[in-house]
Each structure stands twice: as C-alpha cells, then as structure tokens.
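Participant: One structure is given below, represented as structure tokens, and several questions about it will come after.
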Amino acid sequence: MEKKSMFIEQSFTDHKSGDMNKNFDDDGRQKRTGYSYVQPFISKPWQDTLKASPPSENKAMKRASLVGVSTTTFFYMLCGCVGYAAFGNNAPGNFLTGFGFYEPFWLIDFANVCIAVHLVGAYQVFCQPIFQFVESQSAKRWPDNKFITGEYKMNVPCGGDFGISLFRLVWRTSYVVVTAVVAMIFPFFNDFLGLIGAASFWPLTVYFPIEMHIAQKNMKKFSFTWTWLKILSWACFLVSLVAAAGSVQGLIQSLKDFKPFQAPE
C-alpha cells in the first residue's frame, strides 16, 4: 500500500512538472515568434536603400513592409501551426536537426544551405552598425594613430584598387572569433534568442509605434481608439513578460545539463 501511494505521488509530481515545463515551453515559443516580428530591425536597413525617385519612399516602404511581413508571417505560421499540429509537444526547437533522422538528405541539405545564405546576410545587417560605431569612435579618439586611421591600397585583378585597414582587419576578425567562441561555449540559441525577442518585442514593435501614432493623430485621452490602442499595448506587454519568464526558465533548465562546446541534447 505504501509503495502504491509513493508511486501515485511520484506520478502526480512528474505530471505537474511536465505541465509546468510544457507551459514554459509554450511561453518560449511565443518569445521566439515575437523576436521574428521586431520590425525596426529590418525596416531601417530597407529605408537606407530606398532612392528618392518615384515611387516615393513612403509608398515603396509600405510595399516592402507588406511583402516582407506577409512572407515572414506565412513561413512562421507554417512552421508553428503545421509543425505543432503534426508533432505536438514533441516538436523540436529546430525542425531540421531535432528529429534524429535526416531523410530525404537532399531536402535537409538544401534547407540548411538556405539558412546559411540567410544568416550570412543577416549577420552583415546586424554587425555593420557595430563595426561602423567602433571604427568611427576609435578614429575620433586616436586620429593620429596610423594603425587605426591608416589605409593601404591593394590592386585586385579584375576588381581595381581595394582599401585595406589593419585595424578593421584585426578588430572585425577578433569580433567574429569571440562571438563564435561564446556561441559554442553557451549553445542555448533558442533561449537566448527568445530572451532578446521578449525584451525587444514590446518596446520596439508595439509601444513606440503606438505612442508615435497617438501623438501624430493628436488623439484625445480615453477616446475609443486611444483606449483600444492602450489595451493592445498593455496586452502585448504582458505577453512579453510571460515570454521572458519562459526564456529564463529555459536557460535554467539548459544550465543543468550544460556542457561547453556541445549542443544541448
């Protein structure tokens, strides 16, 4: 009788623990989806590439935003809804590597190549502002330092003269190496990505655009539109808090089985 009681108690505890982890996993999925919709991260690079010729920047930006966000929504809804409908709670964080099988090989390889091509461009978009900031600030602080401000010309066949800066070469290479090593030491990609998404989703994607729209339209306080925009903003804020909690819990769970330079199982 005592053994049976202990078994029931343990089963109940495991069930509660499983439900708790499942809830946090659901929160984590929200935060990762939220990260993919941080529009300012992708809209600013678009705006910088727009020309003043017709159509106007406003119309071109609206069209680019519609196409970009619609495409993003389609693929994320496809992975999120269809993937979880097919695999349920067993759906892995990475659909390409989380199943234990890799057939058909050509399809998995093609998908990974597409991801690599995407990340090469995304890495440049996110890193170039950091590179530019460090290099410009260094040049202002040490204008007479030849290592920082000096540039050497190299003739590239079929490409003309190419300027090389030793400071850029050393600094950018060091940055890439350090970030790669840190990523290998702490292989918690989904949880870190989710935490960043939870922290940036509400202020950048919801709060500031709504507040700017309210100020632009001179909306009166407690009017119908003002009230519902505020409700939307606070609802998204609560979603971000829940997603952040799921991220932190995921990091804690990952640290329990943490092994440097190894992907989590």
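None of the figures in this text is laboratory data; all of them are computed from the coordinates on show. These numbers were taken from a predicted model, which means no experiment stands behind them. Cβ placement follows ideal geometry from the backbone for every residue including glycine, while neighbour counts extend to all protein chains displayed.
Participant: For the peptides 77-88, 197-208, 230-241, what is the packing order when you average, over each peptide's residues, the other Cβ atoms within 10 Å and list the highest mean first?
Facilitator: Top to bottom by mean Cβ count within 10 Å: 197-208, 230-241, 77-88.
Participant: Another one. Expressed in nm to one decimal, what extension gain is obtained for the pair Ser56 and Arg141 from 0.36 nm per residue of sequence separation less their Cα-Cα distance?
Facilitator: Residue separation times 0.36 nm, minus the Cα-Cα distance, leaves 26.7 nm.
Participant: Order of Ser56, Ser65 from fewest to most other C-beta atoms within 10 Å?
Facilitator: Ser56, Ser65
Participant: Could you derive backbone 3J(HN,Hα) for segment 145-161 from the dihedral phi with the Karplus parameters 6.51, -1.76 and 1.60 (θ = phi - 60°), listing whole Hz in sequence and x where the residue is Gly or Pro?
Facilitator: 7, 5, 5, 8, 9, x, 9, 10, 8, 10, 8, 9, x, 6, x, x, 6
Participant: Amide H to amide H under 5 Å from Ser165: which residues, 5+ apart in sequence or cross-chain, H placed 1.01 Å off N in plane?
Facilitator: So Ser165 has HN proximity to Tyr152.
Participant: Gain in length, Val178 to His213, computed as 0.36 nm per residue apart minus the alpha-carbon separation, to one decimal in nm?
Facilitator: 8.6 nm
Participant: Hey, another quick one. List the relative contact order of segment 143-236 as a percent without decimals, with contacts defined as Cα pairs under 8 Å and 6+ residues apart.
Facilitator: 15 percent
Participant: Please give the FRET efficiency for Trp226 paired with Thr71, using the beta carbon to beta carbon distance and R0 = 30 Å, rounded to the nearest 0.05.
Facilitator: 0.40
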